[in-house]
1. Please determine whether any residue of region 155-164 is among the hydrophobic types (A, V, I, L, M, F, W, C), over 21 Å from the mean Cα position of the chain (by Cα), surrounded by fewer than 19 Cβ atoms within 10 Å (Cβ to Cβ) and closer than 30 Å to Ala45 by Cβ.
2. Only one of Ser4, Ser52, Ser20 is of a type in the set (S, T, N, Q), surrounded by fewer than 21 Cβ atoms within 10 Å (Cβ to Cβ) and either modelled with pLDDT of 95 or more or within 13 Å of Leu93 (Cα to Cα) (or both); which?
3. Which pairs have Cβ atoms under 6 Å, sit 6 or more apart or on different chains, and link a residue in region 113-127 that is at pLDDT 95 or above to one that is among the basic types (Lys, Arg)?
4. Please work out which residue is surrounded by the fewest Cβ atoms within 10 Å (Cβ to Cβ), limiting yourself to region 221-231 and to residues that are part of a strand (DSSP E or B) and in contact with a helix residue (DSSP H, G or I) (Cβ under 9 Å, 6 or more places away or on another chain).
5. Does Gly204 satisfy the criteria of being in the same structural domain as Ala296 (by TED's automatic domain parsing) and touching a Pro at 6+ places or on another chain (Cβ under 8 Å)?
6. Could you list, in sequence order, the residues of region 273-297 that are closer than 28 Å to Arg310 by Cα, touching a residue at least 60 places away in the same chain (Cβ under 8 Å) and assigned to a strand (DSSP E or B)?
7. Would you pick out the residues in region 193-206 that are part of a loop (DSSP other than H, G, I, E, B) and either exposed (fewer than 14 other Cβ atoms within 10 Å of the Cβ) or among the acidic types (Asp, Glu) (or both)?
8. Does any residue of region 144-159 turn out to be modelled with pLDDT of 95 or more, within 22 Å of Glu190 (Cβ to Cβ) and not charged (D, E, K, R)?
Amino acid sequence: MTTSFLRKLEQFPEVEPKSSVVTIGTFDGIHRGHQAILRRVRMAAAEKELRSVLVTFQPHPRMVVSPDNVPMLLTSIEEKEQFVPDFFDGQVLVLEFNKQLMNQTAEDFVKKVLVDRIGMSHLIVGYDHGLGKNRSGDTTQLRKMGAQWVFDVDVVEPVHYHGGPVSSSRIRTAMNEGRYAEAIELLGHEYAVYGTVERGIGLGHKLGYPTANIRYSHRKLLPPQGVYACWVLLDGEEKEGMLFIGQNHFNPVAGVTVEANLFDFDRDIYDEEVIVYPTQFIRPNQRFDSTEKLVAQIEEDKKNVLSILRKGVKP
């Protein structure tokens, strides 16, 4: 698929009127419900021979609307750039969500941005969608606007999975309650943690298991603390390894750290950007009385991860 991310409305190319199938939303997680919307966009664009456009926001709108009640992110914008192309072929317009956009009426946004600037002919949204000031542009209002400005509106019903509708909040709850495998099932793809490699205290190197310490966003929802099989995307290459997420009891002042030990890898990657994919939970975080006991457990962890690899399962 060919997917391009545009960070400003001014970057969006000039288009003919009625030339785009559009969807709009935060799309935090790119979960199974979001994927159903993106499939509908792809099908409609192919059927009508129109371009596909996904409009999303940075930062999360609630950072501006309700800064004291902001959810932790399932996907940062960097992580969305990795996942979106798996499900969407088209242009992604990332709009800065600020107070000006927050206070723009739904009618003004739809007419000036979606219809006049993007050339919307067909809008596809989720069942609970709302846009514009105070989210007044719900599906009922959007259909009225469609009749006024001549564009189709499709509403995608919720995707039910394991007894209930899939939602970002449901996935966050599963993560926070330690049900990582369930969270991955609801997402419908691997989880990711984007960050920059920074220097730690060097304990892993001293113990014979050097780790890349990942400086991640403070808004990122991390998987439950513990050890994972993982793979890391570095310079476009996939590296296998094991991952520790949690409070390092030998360095308590560091807080919760994300540290990846890459197998068969020996290179200085400080300050480089990476994306870590924790795929299979191995064990919870625990305290050790000595570094010797820690090393013995790390050796056992590596055996478990390598066993997963030998079974042909991508960690």
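1. Just the residues of region 155-164 that are among the hydrophobic types (A, V, I, L, M, F, W, C), to begin with: 155-156, 159.
Remaining after also requiring over 21 Å from the mean Cα position of the chain (by Cα): 155.
After this cut, where a residue has to be surrounded by fewer than 19 Cβ atoms within 10 Å (Cβ to Cβ) as well, the list is 155.
Now restrict to residues that are closer than 30 Å to Ala45 by Cβ: 155.
Scanning region 155-164, I find at least one residue that is among the hydrophobic types (A, V, I, L, M, F, W, C), over 21 Å from the mean Cα position of the chain (by Cα), surrounded by fewer than 19 Cβ atoms within 10 Å (Cβ to Cβ) and closer than 30 Å to Ala45 by Cβ, so the answer is yes.
2. Ser4
3. Between residues of region 113-127 that are at pLDDT 95 or above and residues that are among the basic types (Lys, Arg), the close pairs are Ser121/Lys18; Ile124/Arg40.
4. Filtering region 221-231 for residues that are part of a strand (DSSP E or B) and in contact with a helix residue (DSSP H, G or I) (Cβ under 9 Å, 6 or more places away or on another chain), the one surrounded by the fewest Cβ atoms within 10 Å (Cβ to Cβ) comes out as Gly226.
5. Numbers: in the same structural domain as Ala296 (by TED's automatic domain parsing): yes; touching a Pro at 6+ places or on another chain (Cβ under 8 Å): yes.
In short, yes.
6. Of region 273-297, the ones closer than 28 Å to Arg310 by Cα are 274-286, 292-297.
In the following step, the residues that additionally are touching a residue at least 60 places away in the same chain (Cβ under 8 Å) were identified as 274-279, 281, 284-285, 294-295.
If the condition is that a residue be closer than 28 Å to Arg310 by Cα, touching a residue at least 60 places away in the same chain (Cβ under 8 Å) and assigned to a strand (DSSP E or B), then Val274, Ile275, Val276, Tyr277, Pro278, Thr279, Phe281, Pro284 are the ones that fit.
7. Of the residues in region 193-206, the ones part of a loop (DSSP other than H, G, I, E, B) are 199-202.
Selection gives Arg199, Gly202.
8. yes
The values are calculated or read from the model by the stated rules, or taken from the named source; none is laboratory data. Nothing here was measured: the structure is a model prediction, and the numbers come from that model. FYI the Cβ positions are ideal-geometry reconstructions off the backbone, even for glycines, and counts take in every protein chain you see.
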